[in-house]
């Protein structure tokens, strides 16, 4: 069985992406790792080149600014990496620049790959998605945040990254058939210092909207306001080993006052309560077809 990791990145240093941690978190079970490095305003390319592993395969890219609306450029870059994977690979492990896999899940993921490698009904593996928010001590726990995501797919020319790169499709907009794996993606996209987070927000909204929308909707402030969220809870687990050095560098504190958080309608509060108490996500849109095996 051959496994290829793949990802894309641009301006990793400028926006402080944990891309090194992301790559190293899945590298132990990958035979190669393909990363599309976009032309950057910083030293991202040399940063990625510094990874001391023969498994790393770098492709240099230029982001297509015509694909700005709807975040389509993100799927375009994902597909560039996916299409550069070795043709004899069986599985393709996708991880984004601010996602990390805890080492405790690697065996379960690899076992699932072995189990379903030759199963024609299975297109990929589905993961829980844990969103850290404000700091490494809190997670966003409302139904609006915690969704399941496809992160491992088979090497198939009919598969492609979908819309803003949060999922995959096959053929003409057909959802992939996946099985659930006992593993979780740790998403660290919302734990930057307030100044860095505001800068990232400004740049990322430019991938979904035109300049006029950004001008009218993104506050002209120096710091991101982390209080504008509906619900968070304390994280009671452990972080991946590859994240430990980054955690030590954290130099700001986050706390959440629920009385000042984002207000929701009664209907949404009820749905959120049901989700938090039972795990039942009523009305959830699913980017996949879940197979029970």
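In the set (1) within 21 Å of the chain's Cα centre (by Cα); (2) modelled with pLDDT under 75, residue 206 fails one condition alone, (2). Scanning the stretch 219-247 for residues that are at pLDDT below 85, surrounded by 16 or more Cβ atoms within 10 Å (Cβ to Cβ) and farther than 19 Å from residue 141 by Cβ gives a single hit, 224. For the stretch 143-171, the candidate set comprises residues that are over 24 Å from residue 81 (Cβ atoms) and surrounded by fewer than 21 Cβ atoms within 10 Å (Cβ to Cβ); within that set, the residue that is farthest from the chain's Cα centre (by Cα) is 144.
The set of residues in the stretch 80-118 that are over 27 Å from residue 192 (Cβ atoms) and part of a loop (DSSP other than H, G, I, E, B) comprises 83, 84, 85, 86, 87, 88, 89, 90, 117, 118. One residue stands out among those in the stretch 187-216 that are touching a helix residue (DSSP H, G or I) at 6+ places or on another chain (Cβ under 8 Å) and crowded, with 19+ Cβ neighbours inside 10 Å: the one that is farthest from residue 130 (Cα to Cα), which is 192. Just for the stretch 24-57: of the residues that are free of Cβ contacts under 8 Å to residues at least 24 places away in the same chain and in a loop (DSSP other than H, G, I, E, B), which one is farthest from residue 93 (Cα to Cα)? Ranking the candidates gives 50 first.
Where strands (runs of 3 or more DSSP E) sit wholly within the stretch 127-177, those with at least 3 residues that are closer than 20 Å to residue 197 by Cα occupy 138-140.
Evaluation of residue 174 against the conditions (1) free of Cβ contacts under 8 Å to residues at least 12 places away in the same chain; (2) under 16 Å from the mean Cα position of the chain (by Cα) shows that the sole unmet condition is (2).
Test residue 242 against the stated conditions and say whether it is under 21 Å from the mean Cα position of the chain (by Cα), touching a residue at least 24 places away in the same chain (Cβ under 8 Å), closer than 28 Å to residue 77 by Cβ and not in a helix (DSSP H, G or I). Taking the combined requirement at face value, the residue does not satisfy it. One residue alone among 60, 77, 21 is assigned to a helix (DSSP H, G or I) and in contact with a helix residue (DSSP H, G or I) (Cβ under 8 Å, 6 or more places away or on another chain), and that residue is 21.
Right, residue 91: within 26 Å of residue 109 (Cβ to Cβ) and in contact (Cβ under 8 Å) with a residue 40 or more places away in the chain or not? In short, yes.
When each of 79, 11 is tested for being within 17 Å of the chain's Cα centre (by Cα) and on the phi > 0 side of the Ramachandran plot, the lone residue that passes is 11.
The values are calculated or read from the model by the stated rules, or taken from the named source; none is laboratory data. Here the structure is a predicted model, which is why all the values come from computation and not from measurement. Because the Cβ atoms are built from the backbone with ideal geometry, glycine has one as well, and the counts that use them run over all protein chains shown.
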